[in-house]
Amino acid sequence: MLDITLLRKDLPAVVAGLARRTSPQPFLDVPRFTALEAERRTLQSRTEELQAQRNALSKQIGQLKAKGEDTAAVMASVAGIADELKASADRLDGLQAELAALLMAVPNVPQADVPLGSDETGNVEMRRWGTPRELGFVARDHVDLGAPLGLDFDTGAKLSGARFCFMRGPVARLHRALAQFMLDLHTRSHGYTECYTPYIVNREILEGTGQLPKFKEDMFWVSRGGDDTQAEQYLISTSEISLTNTVRESVLAESALPIKLTAHSPCFRSEAGSAGRDTRGLIRQHQFDKVEMVQVTHPDQSAAALEEMVGHAEAVLQQLGLPYRVVLLCGGDMGFGASKTYDLEAWVPAQSTFREISSCSNMDAFQARRMQARFKNAHGKNEFVHTLNGSGLAVGRTLVAVLENCQNADGSITVPEALRPYMGGTAVLQP
């Protein structure tokens, strides 16, 4: 959520910042915000006047009583003021709720160095690592390579419908090895604390990280035994949601920052807006696994933390020997809560292109303001933390990259050296 104080002080600057997202539709309903703010200021001013009048009259009542004079008329005036104050307070509460609802639908303002652009064509490549292999044969995609190793989309569809997969045998073990390798790297080398989180969360938790209310249709909702009285709950679309909300409604010691958390979890996304996209294979599934990285930092440190987090995701790809590139997203391609985002894209031989495998974002205080996550600064005042998140990495997409980049002419897969300790020393997966 944006800082409403900033909107009140310099609305044109906020509107100009939001315009860097280059959407044809305005992100903030300026006329409605202005009207609500005008009414709020008028009511607040009137409330202060009424309070002053009530205080003066209360003092007058005391003076009249001291003199033994009649106070009925003055007390009637005080009662009338009390009624108006109650009505004003109720309306102010309503206005604050309307303003909050309006701001909950407004995205974060991009940082000044975020490129202009309306979609992925406006993204800027920052660097590349590794060189795609010259295979010497026609590359097969991960669906064909994975099938003899236990990657089974037919059984997934039979069990759950389209965009679900079932894994057995070697490919299931490789999938697990990837997740374990990532967790070990982040905890042993990068300083993250491993966590295990719930996969079902309440509505307010999703509001805290920005999935609700805007992206409700992309979530899987949960019902429990037909009980309509239960709390509104959802399956997580990323463990960023649960990890970040661990500091919800907290006032942290400055010395506790940064907090660095990681978790391996399944993620559930209905992909409401992606019909027909990447229908073959593991690229876009309703259920997939991800190792997530989250940092909660001092505001002065979040810019450096973002670069560090990108480096942590890069380290996974480098140790696996997978060619990739790092891309700075333009304003029009960034997520709702992000102020700056880097995507890491791994080389996918069968498509002869790079595909996203990690996204690392700085959210500034956007999520913290929604969660009321603060720390006590050096001056003893409460200040909002900054939050960051990044994939370290998407396990299914990493499996795609390993299968396709490490394939051999006979359909076997050379297991990256970094994964062999997790595979019982197996160096090659034979179809």
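The values are calculated or read from the model by the stated rules, or taken from the named source; none is laboratory data. Since the structure is predicted, the reported quantities are computational estimates derived from the model, not experimental observations. So basically every Cβ, Gly included, is an ideal-geometry build from the backbone, and we count neighbours across all protein chains shown.
Restricting the search to segment 6-29, which residues are surrounded by fewer than 15 Cβ atoms within 10 Å (Cβ to Cβ) and either in contact with a helix residue (DSSP H, G or I) (Cβ under 8 Å, 6 or more places away or on another chain) or part of a helix (DSSP H, G or I) (or both)? L6, R8, K9, P12, A13, A16, S23, P26, D29 - these are the residues of segment 6-29 that are surrounded by fewer than 15 Cβ atoms within 10 Å (Cβ to Cβ) and either in contact with a helix residue (DSSP H, G or I) (Cβ under 8 Å, 6 or more places away or on another chain) or part of a helix (DSSP H, G or I) (or both). The single condition among (1) over 23 Å from L183 (Cα atoms); (2) without any contact (Cβ under 8 Å) to a residue 40 or more places away in the chain that Q407 does not meet is (2).
Can you find a residue that is in a helix (DSSP H, G or I) and touching a His at 6+ places or on another chain (Cβ under 7 Å) anywhere in segment 403-418?
Start the filter on segment 403-418 by keeping residues that are in a helix (DSSP H, G or I), which leaves 403-405, 417-418.
Next, only the ones that are touching a His at 6+ places or on another chain (Cβ under 7 Å) stay: 403-404.
Yes, there is a match, as at least one residue in segment 403-418 is in a helix (DSSP H, G or I) and touching a His at 6+ places or on another chain (Cβ under 7 Å).
How many residues are buried (at least 23 other Cβ atoms within 10 Å of the Cβ), touching a Ser or Thr at 6+ places or on another chain (Cβ under 8 Å) and not aliphatic (A, V, I, L, M) if we restrict to segment 320-330? Qualifying residue count for the region: 1.
Suppose we filter segment 359-410 for residues that are of a type in the set (K, R) and closer than 16 Å to L2 by Cβ; how many remain?
Selection size over segment 359-410: 2.
Every condition in (1) within 30 Å of N408 (Cβ to Cβ); (2) polar (S, T, N, Q); (3) within 31 Å of the chain's Cα centre (by Cα) is met by T155 except one, and the failing one is (3).
Looking at segment 362-383, which of its residues are under 23 Å from V310 (Cβ atoms) and surrounded by fewer than 24 Cβ atoms within 10 Å (Cβ to Cβ)? Hit for segment 362-383 is A365, nothing else. Just one of (1) touching a residue at least 60 places away in the same chain (Cβ under 8 Å); (2) over 30 Å from R370 (Cα atoms) fails for L116. It is (2).
Would you mind listing the strands (runs of 3 or more DSSP E) fully within segment 176-271 where at least 2 residues are in the same structural domain as A368 (by TED's automatic domain parsing) and surrounded by 17 or more Cβ atoms within 10 Å (Cβ to Cβ)? Explain how you work it out, then say what you get.
On the way: elements: 193-195, 200-202, 233-235, 250-253, 259-268.
Fully inside segment 176-271 and qualifying: 233-235, 259-268.
Given G396, G411, G392, which one is more than 21 Å from L261 (Cβ to Cβ) and within 23 Å of the chain's Cα centre (by Cα)? Lay out the reasoning, then the answer.
Details: G411 fails: within 23 Å of the chain's Cα centre (by Cα); G392 fails: more than 21 Å from L261 (Cβ to Cβ).
That would be G396, the only listed residue that is more than 21 Å from L261 (Cβ to Cβ) and within 23 Å of the chain's Cα centre (by Cα).
If you go through segment 278-325 and pick out every residue that is part of a loop (DSSP other than H, G, I, E, B) and either of a type in the set (V, I, T) or more than 30 Å from D152 (Cβ to Cβ) (or both), you end up with 3. Considering only segment 285-295, I want to know if a residue exists there that is out of contact with any strand residue (DSSP E or B) (no Cβ under 8 Å at 6 or more places or on another chain) and in the same structural domain as L243 (by TED's automatic domain parsing). Looking for residues that are out of contact with any strand residue (DSSP E or B) (no Cβ under 8 Å at 6 or more places or on another chain) and in the same structural domain as L243 (by TED's automatic domain parsing), one finds at least one in segment 285-295, hence yes.
Pairing each residue of segment 155-173 that is free of Cβ contacts under 8 Å to residues at least 24 places away in the same chain with any residue that is assigned to a helix (DSSP H, G or I) and among the small types (G, A, S), provided the two are 6+ apart or on different chains, yields C-beta distances under 7 Å for F166/G156.
In segment 408-421, the count of residues that are surrounded by 24 or more Cβ atoms within 10 Å (Cβ to Cβ) and not β-branched (V, I, T) is zero.
With the structure loaded, tell me whether E383 is farther than 26 Å from H286 by Cα, assigned by TED's automatic domain parsing to the domain that holds R248 and under 29 Å from the mean Cα position of the chain (by Cα) or whether it fails that test. Criteria met by E383.
For (1) in contact with a Phe, Trp or Tyr (Cβ under 6 Å, 6 or more places away or on another chain); (2) more than 30 Å from R420 (Cβ to Cβ); (3) of a type in the set (K, R); (4) part of a loop (DSSP other than H, G, I, E, B), each residue gets a yes or a no:
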| position | (1), (2), (3), (4) |
| --- | --- |
| V327 | no, yes, no, no |
| G337 | yes, yes, no, yes |
| W347 | yes, no, no, no |
| E356 | no, no, no, no |
| R370 | no, yes, yes, no |
| H379 | no, yes, no, yes |
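Just a yes or no: is a residue in segment 359-367 over 13 Å from the mean Cα position of the chain (by Cα) and either closer than 18 Å to Q211 by Cα or modelled with pLDDT of 95 or more (or both)? Step through it out loud before you land on a result.
Of all residues in segment 359-367, those over 13 Å from the mean Cα position of the chain (by Cα) come to none.
No, because not a single residue in segment 359-367 is over 13 Å from the mean Cα position of the chain (by Cα) and either closer than 18 Å to Q211 by Cα or modelled with pLDDT of 95 or more (or both).
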